[in-house]
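Worksheet for the structure shown next.
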Amino acid sequence: MAERAAAGSRRAAILRAAAGLFAARGYHGASIEDLGRAVGTTGPALYRHFPGKEALLAAMLLEVSERLAEQGERVVAGAAGPEEALEGLLRGHIAFALGEPALITVHDRELDNVPEPERRRIRRLQRGYAEEWVGVLARLRPARGRLALRAAVHAAFGLLNSTPHSAGELAPDAMAELLFRMGRAALLVDEGE
């Protein structure tokens with residue numbers, strides 16, 4: 001059991017280091033040796049955890065997509081109503097965006113380097129996550145069509161996922177509150193406004 005926990009911890013450290021390197025240098029700009037050095041080992045030692053750099057990238061983006069999808073389902077299922085669900089979705093996504101901006105950068109730049117089967121799975125998870133948001137908005141704005149709601153959700157994701165460019169300008173709590181207010185306003189705006 002302890003051995004499995006250590007391997008999981010090592011794997012998580014590798015994924016974090018890879019996210020930072022891929023965000024800073026790009027997928028093609030970071031070698032397997034660079035990745036190994038970033039976690040205090042050799043590049044070839046990483047093959048115990050991942051069959052290659054492509055698999056590492058796929059695992060990184062799958063893990064974050066699964067985590068967000070599960071978090072979205074949990075928030076919506078546990079909320080007392082759509083207002084509480086929206087607040088939970090926003091706060092959860094903002095915590096992710098402020099806490100892991102490198103993953104946002106890697107996703108934006110490098111998804112095309114993920115092999116097709118894993119890329120399809122990532123996209124499917126992301127669609128499911130977005131649909132959790134659309135379902136909540138449909139309860140809050142029943143007169144709006146699902147296409148408009150989906151467009152609003154994706155626009156809000158663009159705002160919330162701007163943290164690689166905007167984080168650090170304000171204190172984290174102030175930035176989180178600003179993103180919350182802006183995200184909520186963007187999602188709930190009436191089309192006639």
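The values are calculated or read from the model by the stated rules, or taken from the named source; none is laboratory data. Owing to the predicted nature of the structure, the values given are computational and were not obtained by experimental measurement. Cβ: placed from backbone, ideal geometry, glycine included. Neighbour counts: every protein chain shown. Just the protein is used for accessible areas: all its heavy atoms, side chains included, with ligands, DNA and RNA removed. Shrake-Rupley method; radii C 1.70, N 1.55, O 1.52, S 1.80 Å.
Share of the chain's accessible area from carbon and sulfur, percent, 1.4 Å?
Of all accessible area on the chain, carbon and sulfur atoms account for 54 percent.
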Could you work out how far apart the two model spin labels at Glu169 and Arg127 are, taking each label as a point 7 Å from the Cα in the direction of the beta carbon, and quote it in nm?
-> 3.4
Surface/4 of the Cα convex hull for the chain, nm² = 12.7
Full-extension gain in nm, Glu54 to Thr42, via 0.36 nm per residue minus C-alpha separation | 2.6 nm
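Sum -39500 (n - 2.57) across every DSSP H segment of at least 4 residues in the chain, then divide by the residue count to get the 222 nm mean residue ellipticity, nearest 500. All intermediate terms of the calculation are to be shown ahead of the outcome.
On the way: 9 runs with 146 residues, N = 193.
When only DSSP H runs of four or more count, the value is -25000 deg cm²/dmol.
Excluding ligands, DNA and RNA, what is the solvent-accessible area per residue of the chain at a probe of 1.4 Å, expressed in Å²? Let's see the in-between values first.
Details: 10170 Å² over 193 residues.
Ligands and nucleic acids excluded, the figure is 53 Å² per residue.
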Considering only Ala138, Ala77, Ala102, give the residue with the highest GNM mean-square fluctuation for the chain, with springs between Cα atoms whenever their separation is below 10 Å.
-> Ala77
Using a Gaussian network model of the chain whose springs link C-alpha atoms within less than 10 Å, name the residue from Ala174, Ala30, Ala79 with the highest mean-square fluctuation.
-> Ala174
Measuring from centroid to centroid over Cα atoms, what is the spacing of segment 34-110 and segment 119-193 in Å?
-> 17
Geometric extent, Cα atoms of segment 104-152 - Rg, Dmax (angstrom) = 13.8, 40
Under 15 Å from a point 7 Å along the Cα-to-Cβ line of Glu63: which residues of segment 19-37 have their amide N that close?
-> 19-23, 35-36
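Pairs of alpha-carbon atoms within less than 8 angstrom and 6+ residues apart define the contacts here; what relative contact order does the chain have, in percent?
Working: 171 pairs, mean separation 42.9, N = 193.
Relative CO of the chain lands at 22 percent.
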When the chain is treated as a Gaussian network with springs between alpha carbons less than 10 Å apart, the largest mean-square fluctuation among Leu68, Leu147, Leu90 is found at Leu147
